[in-house]
Each structure stands twice: as C-alpha cells, then as structure tokens.
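What follows is a set of notes on a single structure, which appears directly below.
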Amino acid sequence: MTPITEVEGRRLALSNLDKVLYPATGTTKGEVLHYYAATAAGALLAHLHNRPVSFLRYPDGPDGQLFFTKNPPPGTPSWVRIAEVPRHVAQRAGQVVVQDLASLMWAANLVVEFHTPQWQADTPGIADRMVFDLDPGSPATVVECCQVALWLCERLAADGLPGYAKTSGSKGLHVLVPLEPTPADRVSAYAKRLAVEAEQELPGLVVHRMTRALRPGRVFVDFSQNAAAKTTATPYTLRARTEPAVSAPVTWAEIEGCRTPAELVFLAADMAGRLERHGDLLAPLIDPNRARPLPAAP
C-alpha cells in the first residue's frame, strides 16, 4: 500500500520508499525523499524559484532507464504551477515550476535530477546568471577543473564579475556569475570569449570546443549552457550517479586546496553539515544586489 502523507496541506502518495536507488551505498528512495525534505529544501527551493524545471528521471536508479523531459509528467497535480515558456520559434509549451515544499516532494517522488535555465519563467531568454561548465576529459579530473576555475574567477573579477562555484555532482565543476538581466545571446557570446581566452592562456589544459578528439587530458570549458534553450543541474540536486552525489556549492579555498578528486565529492549525507557550516554558498546568485552588468562587447 502506498503511504499518503500531507505536505503543506497537499496530499501526496509517496511510493516504493524501501526501493534501493543507489546500490553502491544502499540508499533508498525514502532516504532520497528525506534528503530533499529535511536537508535541501530551503536552499534548493530558493534556486528553483520561478524557473521552469527540466527533469532527468531515473526511477530505477542510475543503472536503469534515464529519460529527460521538459514537459509536465503525466499525472502532474493541478496545484503544481505550470509556466508557459517559449520552446521553439512561435511555439510555447508548459513546464513545471517547483515553487513550494509540496511541489518539491511530488517531483522528488518521481526520482529526478532538477535542471533549470539561466533565466526566470516571466523573463524567458533574459539571463540573470552565467555559467561555465568545466568538464574534464580523462585522465584529467576535477583537480584540473579547479586550476581552470581559479583562472576563470580571476578573469571574471578583472571584468567586475564575482564568481561562485559548485560541483557538477558528476566529474566537473560549475562556475556561476549573478548578472543584471541580459539577453542570453549576449551572455553566450561573452562566455565563449572567455572560454577561447582560457584556451589561449592555459594551452594544453583547456579546450573550448566539444570535439571529442581534443578533450583527453584537458578541461572542456562549456559555455553553451548559457543559450536560452539550455539548462544546468540546479544547486543541491542529487545526480543519477553510482552514489547519491549532490551538485554541491564549494568555497574557493576548497577549490584552491583540492589535490585529489575525492575531496570534491559530496553525497546527500554530507550536506546537512555543510549547510550548517557554510549556509548557502550560492545565495549571492539569488541576491539582486550582487548582480553585475556584463561588460560591453569589445
């Protein structure tokens, strides 16, 4: 029998709570739901606020079928907010906006990664943040990503832009910047310029093109997630990996001191302590007073 629980006045059927989703750690679906409800909710909801969500679903764990969807899943309750957002030229479509704890727990019960664009639902295509996805090509690891992130942070600062970082929850790092509202194509162009510059300044370490043959042993600085149609893993989301890894905010001191990949792997069980110690390290991303203008194109 599926237990029914009440969350902020909404009745939710939470299913298969004993199902093991992460065999490497024995983490069950019930523990995943507990992570979202008891640990991540406050910080995660702030980063999901007013952003259309795309879901990567992995209902049978990371070794099962994975499928990515922007459309509201079948059976979406009527009380879950649906925002009409552009999908293609002259076409709009509905996407879920996770705006409260009940919506978060409904979505988490579907077993999903949360992915969001760099813009908000009522200003589609107008970015209020910029992201660089640093993706290492084996044998490079997150240690090499840290070197690139430090260069990027310094380079952004030269343009008056503050940088903040989180693990991708997979192999790499994300560097994020709070922006005054700016068209996504302008943000993409600036991010590409910096990626090209990084490759010039760090030869042999950085590549700015996705070409697979160029990537072994280097860090791909992916600027493409600034495009209006693209999304990035939301801070604090769990990922469909072997272990319940979190896309976790990190300090620049941690990045500077990183010597082995294991130092920047954070699991669901680590996050309560980190939030207690640091608070939300990415809070500046959602503080309009921290937003800065993008420099004019050269």
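Suppose every K and R has +1 on its Cβ and every D and E has -1 on its Cβ; what is the size of the dipole of the range 162-277 about the Cα centre, in Debye to the nearest 20?
Working: 15 positive and 12 negative charges, 86 e Å.
The calculated dipole for the range 162-277 is roughly 420 debye.
Could you calculate the FRET efficiency of GLU154 with VAL7 from 1/(1 + (r/R0)^6), where r is the beta carbon distance between them and R0 is 41 Å, rounded to 0.05?
Between GLU154 and VAL7 the formula returns 0.40.
Which order do you get for ASP222, ASP122 if you rank them by accessible area with a 1.4 Å probe, largest at the top?
Values: ASP222 20, ASP122 110 Å².
Largest accessible area first, the residues go ASP122, ASP222.
What accessible area, in Å² to the nearest ten, does a 1.4 Å probe give for TRP79?
Its accessible surface works out to 50 Å², give or take rounding.
Which Cα, out of GLN95, HIS115, VAL20, lies furthest along the positive dipole direction of the chain (beta carbon charges, K/R +1, D/E -1)?
GLN95
So what is the relative contact order for the chain, in percent, with contacts set as C-alpha pairs under 8 Å and at least six apart? Mind showing how you got there, number by number?
Working: 614 pairs, mean separation 60.1, N = 298.
Taking the mean separation of contacting Cα pairs over the length of the chain, I get 20 percent.
Leaving ligands, DNA and RNA out of it, rank SER54, SER78 by accessible area with a 1.4 Å probe, largest first. Don't skip to the end; give the middle numbers.
Working: SER54 0, SER78 120 Å².
In descending accessible area the options line up as SER78, SER54.
Roughly speaking, to the nearest percent, how much of the range 106-154's 1.4 Å accessible area is carbon and sulfur? Write out the running numbers ahead of the final one.
Values: 720 of 1360 Å².
Summing carbon and sulfur atoms, their accessible area is 53 percent of the total for the range 106-154.
Rounded to two decimal places and with Rh computed the Kirkwood way over Cα pairs, what is Rg over Rh for the range 76-203? Mind dumping the intermediate values first?
Values: Rg = 17.4 Å, Rh = 16.8 Å.
Result for the range 76-203 is an Rg/Rh of 1.03.
Report the full-extension gain for the segment GLU256 to ARG290: residue separation times 0.36 nm, less the Cα-Cα distance, to one decimal in nm.
Working: separation 34, 0.36 × 34 = 12.24 nm, distance 2.30 nm.
So the extension gain works out to 9.9 nm.
Over the Cα atoms of the range 161-298, what is the Rg over Rh ratio if Rh follows Kirkwood?
Values: Rg = 15.8 Å, Rh = 16.4 Å.
Result: Rg/Rh = 0.96.
Quick one: Cα convex hull volume of the chain, Å³ per residue? Don't skip to the end; give the middle numbers.
Numbers: hull volume 41.9 nm³, N = 298.
Measuring per residue, one finds 141 Å³ for the Cα hull of the chain.
Starting from the Cα gyration tensor of the range 1-79, take the square roots of the eigenvalues, sort them a ≥ b ≥ c, and report rounded, prolate or oblate (rounded when a/c is under 1.5, otherwise prolate if a/b is larger than b/c, else oblate).
Details: a/c = 1.35, a/b = 1.18, b/c = 1.15.
In terms of gyration-tensor shape, rounded.
Excluding residues on the same chain fewer than 8 positions from LYS192, give the aspartates and glutamates whose Cα lies under 20 Å from its Cα.
Once the sequence-local aspartates and glutamates are set aside, what remains near LYS192 is ASP128, ASP133, ASP135, GLU144, GLU154, ASP159, GLU180, GLU201, ASP222.
Per-residue accessible area for LEU104 at 1.4 Å probe radius, Å² rounded to 10?
Here the accessible area works out near 0 Å².
Could you name the aspartates and glutamates whose alpha carbon sits less than 16 Å from that of LYS70, not counting residues in the same chain fewer than 8 places away?
GLU84, GLU113
Rounded to the nearest 500 deg cm²/dmol, what is the calculated helix-only ellipticity per residue at 222 nm for the chain, with -39500 (n - 2.57) per DSSP H run of length n ≥ 4?
Numbers: 7 runs with 75 residues, N = 298.
Result for the chain, helices only: -7500 deg cm²/dmol.
Accessible area per residue for the range 53-142 in Å², computed with a 1.4 Å probe and the full protein assembly in place, what is it?
40
Work out the FRET efficiency for GLN65 and SER138 from their Cβ-Cβ distance, taking R0 = 22 Å, and round it to the nearest 0.05.
Values: r = 25 Å, r/R0 = 1.15.
So, using R0 = 22 Å, E works out to roughly 0.30.
The values are calculated or read from the model by the stated rules, or taken from the named source; none is laboratory data. All values reported here derive from a predicted model rather than from experimental measurement. With ideal geometry, Cβ positions are generated from the backbone for all residues, glycine too; neighbour counts draw on all protein chains shown. With ligands, DNA and RNA removed, areas are computed over all heavy atoms of the protein, side chains included. Shrake-Rupley method; radii C 1.70, N 1.55, O 1.52, S 1.80 Å.
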